[in-house]
Amino acid sequence: MSSPSLQRAASLFVLSLVASTLGQSTTASAPGQPFRADAPVGQFDIVGDSIASAQQICDGALTDPNLYPFLQIFLGTPSRVYVIDKTENNPTQIKGHPAWAAEYDIIANKGRPMDIVTNSFCAGGNVLGNGTWINVGGNQGVTYGGITSKTQNGGGPYDDPDGGQSVRLLDPCDDGNCDWRLVAPTTTRRWYPTLETLEDGSVIVIGGCEWGGFVNSAQQNNPTYEFFPLPKDNPDPIQSPMLSNTLPANLFPLTWLLPSGKVIMQANWGTAMLDYKNRKEYKLPDMIHAVRTYPASAGTAMLPLTPANNWTATIMFCGGSNLQDDQWKPNWNIPAYAASKSCVSITPDVSTNYVEEDDLPEGRSMGNMILLPNGKILMLNGAATGVAGYGNESMAIGQSYADNPVLMPVVYDPSAPKGQKWNRDGLSASKIPRMYHSSAVLLPDGSVFVSGSNPNADYNTNVKFATEYRVERFYPSYFNKRRPQPEGLLTQYAYGGPYFNVTLSKDDLFGNSDNLNNTEVVIVRPGFSTHAMNMGQRMIQLENSYTGNSDGTAVLHVSQLPPNPAIFAPGPALIFVVVDGVPSIGIQVMIGSGQLGPQPTLAIAALPASATATTGNSHSTAGDAGDAGSRSQASSALRTLSVGFDSLAQVVLLPFLAAWSMVSLAIL
């Protein structure tokens, strides 16, 4: 073998070694087909009952019917949705008191109660870069009717200690043996805080108030942010001018980490750019047309980050209410006040001005916007009049500050022409009002888990909008179609580095090799759903090329994530291969090192030019093809190689080796 050939082989070996060292040498099993092929597409299907009202949800699991309303939810494992409620008199008991947290098995449609210990009412949440979920803040201990308990250390009928400074952690599981644990508290009380995962896998905890209520006030405002884990050198909370100046509707500030490494914050009518590393904040132009934060509660989402838009973040705000600061008082007929139907967007790393987008078909408050793997956005839940919140005022509907539920979903297509982006083709209405304290989250099979609604101070079944335990799934139009079953997806992904190959069968391409031009590999983080927000929800499309074979099969050559963790923060997510708008079943994967701390970044390997057997002559050269084959062989040979480096070597040595390899290949 010639010297250049030896050097080329050595360079390819080192690239494969880098990938292996970063934990990327393991390939996932090919995904299968959905659990059913006869789902009512475009419709909602009632599939079970939760244990707690879904005020918050994150992907995780539940067991007995009629148990908990869903206030907060998130997807913790591919088969488990975790549920967090406020302390209330839920029928299901645990350790001698009502349960206000649960795990829901989305396959068996059953749940198990969990003990989250303190009152998690209106806490914030997200996932850390190591895969641990975090839930921060909450309310004082309460008793019947949501009345503040005389003791804040537990005891009483609900046995719920004060949760105002609680930090709760969960490592999701499939065996039913995991539970929430309390760690060191936050520096200050936080009710309605927002959490956003940062590029090192830590989280920033923003805002909130001390004691709660319909809206915030100067007497209890917490206009600060802090971090978890707390930095040892400067753990004190940092003041936010915007949160000081946006009373009263500044709870659950809308927050996103941007590719620039800065954080955009939006609350009430105010907007700011936060340079959290330098602890500086810059005022941006005000929001237009409507308030988007709680209690106005607009639907929000960051649009998919794609190679076509150079992974540039654009954020959508749809609905809410145009109430002015002096109108946030429950002394007038708020439930009859029409919600806004306006939609606006901002691309803050490019322009700080808001841009008008297509209006919603109708006004909506408390609507969830869910990123679907086909690049579209589903909006569901909420009300056409009123806002989030509850109370005993005479104007309330029961106790709800909203009325006229919006039962019809609607889909937003970012690629559609202006004026045609929202549509309801093939969609049907839900039969369940999803008002205040309802949630929704994407599942691995591409359906959407929908639950919760409880605009009441406690468990209440004797009002128009009762405590709601029924769980629905919404099935998008692609659900019953034969799904791609790609082979070669990795279980862990780096920021830059060598590309990987994914094999598609003729059936995966629906018998048409032209579908390679409409095939994408996307990663979705469903997020932590609460109060019409999905904290941390984000979608990125990986760059790819392809080689189509004469037998109708194909190989996708797929880059890993761009070498910038701020584009898509480290931690667990779902990966899909989408062919002609039909996604595979999502596989849960780890983005980044799986540890907290600076993430290694590598130079991006160039992809081979796309080619098919029918076109014959591609844009690739023999040298490119040889490199691709050598890389594939080297990667395959190293899949069983276990290599260990400490974190310093990963951060310093591996990028150096990767850079040397890429330069060597470029010279050759």
Of the residues in region 350-365, those that are surrounded by fewer than 19 Cβ atoms within 10 Å (Cβ to Cβ) and closer than 18 Å to L284 by Cα number 6
Residue hits (region 502-528; within 14 Å of S610 (Cα to Cα) and among the hydrophobic types (A, V, I, L, M, F, W, C)) are V502, L516
A careful count of residues in region 541-592 that are of a type in the set (A, V, I, L, M) and either more than 15 Å from P31 (Cβ to Cβ) or in a loop (DSSP other than H, G, I, E, B) (or both) gives 11
Qualifying residue in region 457-467 (condition: surrounded by 20 or more Cβ atoms within 10 Å (Cβ to Cβ) and either polar (S, T, N, Q) or in contact with a His (Cβ under 6 Å, 6 or more places away or on another chain) (or both)): yes
Considering residues that are in contact with an Asp or Glu (Cβ under 7 Å, 6 or more places away or on another chain) and either in a loop (DSSP other than H, G, I, E, B) or not assigned by TED's automatic domain parsing to the domain that holds G386 (or both), the number found within region 444-470 is 5
Open item on the list: For region 93-107, check the following and say yes or no: at least one residue is assigned to a loop (DSSP other than H, G, I, E, B) and acidic (D, E).
Closed with: no
Of all strands (runs of 3 or more DSSP E) fully inside region 349-415, the set with 1 or more residues that are under 22 Å from R538 (Cα atoms) and either among the β-branched types (V, I, T) or modelled with pLDDT of 95 or more (or both) is 351-357, 368-371, 377-380, 410-412
- request: Would you check if L75 is crowded, with 19+ Cβ neighbours inside 10 Å, at pLDDT below 95 and either more than 19 Å from G146 (Cβ to Cβ) or among the charged types (D, E, K, R) (or both)?
  value: no
Filter region 151-198 for residues that are farther than 21 Å from Q140 by Cβ and touching a Phe, Trp or Tyr at 6+ places or on another chain (Cβ under 9 Å); the one that is surrounded by the fewest Cβ atoms within 10 Å (Cβ to Cβ) is D171
Of (1) part of a loop (DSSP other than H, G, I, E, B); (2) of a type in the set (G, A, S); (3) crowded, with 24+ Cβ neighbours inside 10 Å, A301 satisfies every one except (1)
Filter region 261-290 for residues that are over 25 Å from the mean Cα position of the chain (by Cα) and free of Cβ contacts under 8 Å to residues at least 24 places away in the same chain; the one that is surrounded by the fewest Cβ atoms within 10 Å (Cβ to Cβ) is N278
Selection from region 324-343 of residues buried (at least 21 other Cβ atoms within 10 Å of the Cβ) and either in contact with a helix residue (DSSP H, G or I) (Cβ under 7 Å, 6 or more places away or on another chain) or of a type in the set (A, V, I, L, M) (or both) yields I334, A339
The strands (runs of 3 or more DSSP E) lying wholly within region 136-207 that contain at least 2 residues that are in contact with an Asp or Glu (Cβ under 8 Å, 6 or more places away or on another chain) are 203-206
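The values are calculated or read from the model by the stated rules, or taken from the named source; none is laboratory data. Because the structure is predicted, anything quoted here is derived from the model rather than measured. Neighbour counts run over all protein chains shown; Cβ positions are idealised from the backbone, glycine included.
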